[in-house]
Amino acid sequence: MSANELLIWARGSGFNLALALLVVGLLLRGFEIFSLGRKTDLAPARARSPGSGWKTVFSRTLPPLGLVARSPTTYLGGYVFHVSLFLVIFFYPPHIAFLHALTGATWPALATPVVDGIAAMGLAALVALLVSRIGNPVKRFLSGFADYLAWTLAFLPMLTGYLAYHHLTPDYSLTLGLHILSAELMLALLPFTRLFHAVSLIAARWYTGENFGRKGVAT
Amino acid sequence: MDLFPAGLGHDSVGAELARRGVPRREFLSFCASLAALMALPAGSEAAVAAAVSAARRQSVIWLSFQECTGCAESLTRSHSPSLENLLFDLISLDYQHTLQAASGEAAEAARMAAMRENQGKYLVIVDGSVPLANPGYCTIAGMSVADILRETVANAMAVVAVGSCAAYGGLPAAQPNPTGAVPISSLVMDKPVVNVPGCPPIPTVITGVLAYFLTFGRLPELDAQGRPKAFYGETIHDRCYRRPFYDQGKFAESFDDEGARKGWCLFKLGCRGPITYNACATTKWNGGVSFPIQSGHGCLGCSEAKFWDMGPFYQPLSTPTATSRMNLAGAAVAGAAAGLAVLAANLGKKSAAQAAHEPIGVADLVKDKAK
């Protein structure tokens, strides 16, 4: 298969396959998680805390006091990577064109040199997070295959996109094809890996917040 | 330096140029542009001029197979009259369907004579692809083009595949490829093959490759796809004068909006400049006047393999070529069904656990007195 054939496959059949797997996975996991539900808590609530679930959705986006200083790589690296990934996905002109083709919606883009700088920071943050994960004995002990898989799935599209943008490989079409394929791999595996937190994050935080509020725990 | 000395052989390029009264200044200017095009070091134009001037007229056999004659048109009708055309005249074009005066048996005899008289020294230029599904799809003088190619290249020095059809199969090889069209490089294994793709290729690039051969007596440095690096070393996007607009995020959204009038980037209108390696943005067309992007249309990527199969021409490169709604609906149904199946399985598991549950009383928690 030549580079152009790979690109054609990635933009056509590969994308349809990835999208199908994403939809199947999202519905499957959604049903699985939400349909089981929880047992009704028969104990009376210790405190009235309206909106504690929604409050937690936002409050947990901020770092707990003091922990940034104790674990700067985890927190700062995490923030830089997540913000970078968000901006690169949603504000790089070709990505907007892609989302426009899918949804019909469009919005202003960031200048490509700005996105380039943001992507470089995101890549650096991912590398720092990996080094920290491997270098710290506690984090290393807590890490398993699923963690490294999620890291790889996030890293590959960022890396191939950066290589393609800067023409750092001899064959641009091949790099672009690999970039699209790596993004499709991320989409296809998102529901079945730790990347699913991108979807479950809000519901999980809301549930935790509501539960804590009911038990009188600060959210 | 005397470019056209009296001692040159009567069949040399220099002698022919002198006979035609081509001014020395014009010839040197042409050689300088050739040297620049081929990315040769500064000052090498004199060496190019001397070598081209002294070169013997190169015997060339031009074969046309499954093609539209656009490549020959591009070369011969580009910006006539020009020195490029003259130089083209100055190769000994011994066989070419469109241009030769001879026809029928006389034409085939000319091909055989050129092959015999220049054994091991002649160049074969091919435009068009070769159909393998059925030899009868394309024949010349009763012979299948595959046989003609085999016979002609047997004693050739090298083969130049001109145009995307010859280089990659082109339009005839586009899905579903009804004639089983293949590129020249898949049939010629024992001779050097230079691919000069494009639909059509830039005339200067064709003459540039020939001039390089005349100058150095060897073929230019090629990339992994057999294309001369001097002309196909960079993408259209990288050398495009509209590139700054891409970097600034300024795009034409339609062919007649404000962005289009201001000359902004055509990426969103399907321009394939980012994946297309060619010299259009630098060499340009029609004597360096313009190229497609300059006239307001995105690059079609015509010098890339499979460019006909790369999806709609007016869709951005970063978008999927065909999102199947049926596929998506099917996935949604499958996902929901799988979710329900998992739900049923989980509920079954939960019920089984409840059924198997044995209540524990205080008595069960008291240590067994017997122990």
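We did not get these values from a lab; they are worked out from the coordinates using the rules stated. Owing to the predicted nature of the structure, the values given are computational and were not obtained by experimental measurement. For neighbour counting, all protein chains shown are included, and Cβ atoms are generated from backbone atoms with ideal geometry for every residue, glycine included.
So here's what we get for this one:
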{"quantity": "Built amide H within the under 5 Å cut-off of B:Ser59, gap 5+", "calculated": "B:Ser92, B:Leu123"}
{"quantity": "Spin-label model distance (nm) - A:Leu149 vs B:Gln119, 7 Å beyond Cα toward Cβ", "calculated": "6.7"}
{"quantity": "Distance-filtered residues of the stretch B:147-175 - backbone nitrogen under 20 Å, label point 7 angstrom along B:Asp190 Cα→Cβ", "calculated": "B:147-161"}
{"quantity": "For B:Phe313, net neighbour charge (Lys/Arg +1, Asp/Glu -1) across residues whose Cβ lies under 14 Å away", "calculated": "+2"}
{"quantity": "5 angstrom amide H check on B:Val130, placed H, neighbours 5+ away", "calculated": "B:Val182"}
{"quantity": "Set A:Lys215/B:Lys349; B:Lys262/B:Lys284; A:Lys39/A:Lys215; A:Lys39/B:Lys349 screened for pairs whose C-alpha atoms are more than 24 Å apart", "calculated": "A:Lys215/B:Lys349"}
{"quantity": "Unmatched cysteines, the protein assembly as shown - criterion: no other Cβ of a Cys under 4.7 angstrom", "calculated": "B:Cys31, B:Cys68, B:Cys71, B:Cys138, B:Cys165, B:Cys240, B:Cys265, B:Cys271, B:Cys280, B:Cys299"}
{"quantity": "Exposure proxy ranking, count of Cβ atoms within 10 Å, fewest first, for B:Phe231, B:Phe255, A:Phe58", "calculated": "A:Phe58, B:Phe255, B:Phe231"}
{"quantity": "In sequence order, calculated HN-Hα J values of the stretch B:117-122 (Karplus, 6.51, -1.76, 1.60; Hz; x Gly/Pro)", "calculated": "6, 10, 3, x, 10, 8"}
{"quantity": "Rg/Rh ratio calculated on Cα atoms of the stretch B:236-309 (Kirkwood radius)", "calculated": "0.95"}
{"quantity": "Calculated P(r) of the stretch A:127-219 - Cα pairs past 19 Å, %", "calculated": "59"}
{"quantity": "Cα-based shape type of the stretch A:1-135, given that a ≥ b ≥ c are square roots of the gyration tensor eigenvalues and the cut on a/c is 1.5", "calculated": "oblate"}
{"quantity": "Inverse mean reciprocal Cα-Cα distance (Kirkwood Rh) of the stretch B:57-231, Å", "calculated": "16.0"}
{"quantity": "Integer Hz, Karplus 6.51/-1.76/1.60 couplings in order for the stretch B:349-360, x for Gly and Pro", "calculated": "5, 5, 4, 4, 5, 5, 5, 7, 5, 10, x, 10"}
{"quantity": "In sequence order, calculated HN-Hα J values of the stretch B:138-154 (Karplus, 6.51, -1.76, 1.60; Hz; x Gly/Pro)", "calculated": "8, 10, 9, 6, x, 9, 5, 5, 5, 5, 4, 4, 4, 5, 6, 7, 3"}
{"quantity": "For B:Val194, residues with placed amide H under 5 Å, excluding near neighbours", "calculated": "B:Val159, B:Val160, B:Ala161"}
{"quantity": "Surrounding net charge for A:Arg205, when Lys and Arg each add one and Asp and Glu each subtract one, Cβ distance under 12 Å", "calculated": "+1"}
{"quantity": "Counted charge near A:Leu178, where neighbours are those whose Cβ lies closer than 11 Å (Asp, Glu -1; Lys, Arg +1)", "calculated": "-2"}
{"quantity": "Square roots of 5 times each gyration tensor eigenvalue, C-alpha, chain B, largest first, Å", "calculated": "60, 27, 20"}
{"quantity": "Spherically averaged projected area of the protein assembly as shown from its Cα convex hull (nm²)", "calculated": "40.8"}
{"quantity": "Chain lengthening between A:Arg48 and A:Leu102 when straightened (0.36 nm per residue, less Cα-Cα)", "calculated": "15.1 nm"}
{"quantity": "Shape call, the stretch A:45-106: gyration tensor on alpha carbons, a/c limit 1.5", "calculated": "oblate"}
